[in-house]
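Trainee: Input: one structure, supplied below.
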Amino acid sequence: ADRGVRNVATEADASTAAPADSKEERMRKRQQQKELSALPKKMDKVEAAIADAEANVAALEKSMLEIGADAGRAIELSAERDAAQAKVDDLYAQWEALEAAMRQIEADIGVASAR
């Protein structure tokens, strides 16, 4: 009889602990799913910004080739090009961070990549 009491107590302890853990886990996974579903849109925005920034760099490089012997203007364009390239580099870093976050969330919740 004593053995049955232990089993009842163990089952009661397990049943009260499991729902709290599973509810917390479900909430965490739901939050990760939300984050995961938002990432492709964020990545698309960054990709569009990268395309615009790269076009700006290309236009500045073209202008640098066309200015001829105007050293002062060449220096200005070079500084603008360097700033534009830094923006491109920053955007690529943002995209890579988003991609890494996507992979991490997918690994955490066991989902295959949609991208």
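Trainee: Residues in segment 60-81 that are part of a helix (DSSP H, G or I), open to solvent by 50 Å² or more (accessible area, probe 1.4 Å) and out of contact with any helix residue (DSSP H, G or I) (no Cβ under 9 Å at 6 or more places or on another chain): how many?
Mentor: Result for segment 60-81: 7.
Trainee: Okay, next question. Quick one: how many residues across segment 67-98 are over 14 Å from residue 32 (Cα atoms) and under 16 Å from the mean Cα position of the chain (by Cα)?
Mentor: Qualifying residue count for the region: 9.
Trainee: Taking the options 101, 20, 51, 12, name whichever one is surrounded by fewer than 14 Cβ atoms within 10 Å (Cβ to Cβ) and at pLDDT 90 or above.
Mentor: Of the residues listed, the single one that is surrounded by fewer than 14 Cβ atoms within 10 Å (Cβ to Cβ) and at pLDDT 90 or above is 51.
Trainee: Let me ask you something else. With 87, 29 as the choices, which residue is assigned to a helix (DSSP H, G or I) and modelled with pLDDT of 95 or more?
Mentor: 87
Trainee: All but one of (1) within 30 Å of residue 25 (Cα to Cα); (2) of a type outside the set (Val, Ile, Thr); (3) touching a residue at least 12 places away in the same chain (Cβ under 8 Å) hold for residue 103; which doesn't?
Mentor: (3)
The values are calculated or read from the model by the stated rules, or taken from the named source; none is laboratory data. Remember, it's a predicted structure, so these values are computed and weren't measured experimentally. Glycine gets a Cβ as well: all are built from the backbone with ideal geometry, and neighbour counts include every protein chain shown. For the accessible areas, the whole protein counts, side chains as well, though only heavy atoms, and no ligand, DNA or RNA atoms are used. Shrake-Rupley method; radii C 1.70, N 1.55, O 1.52, S 1.80 Å.
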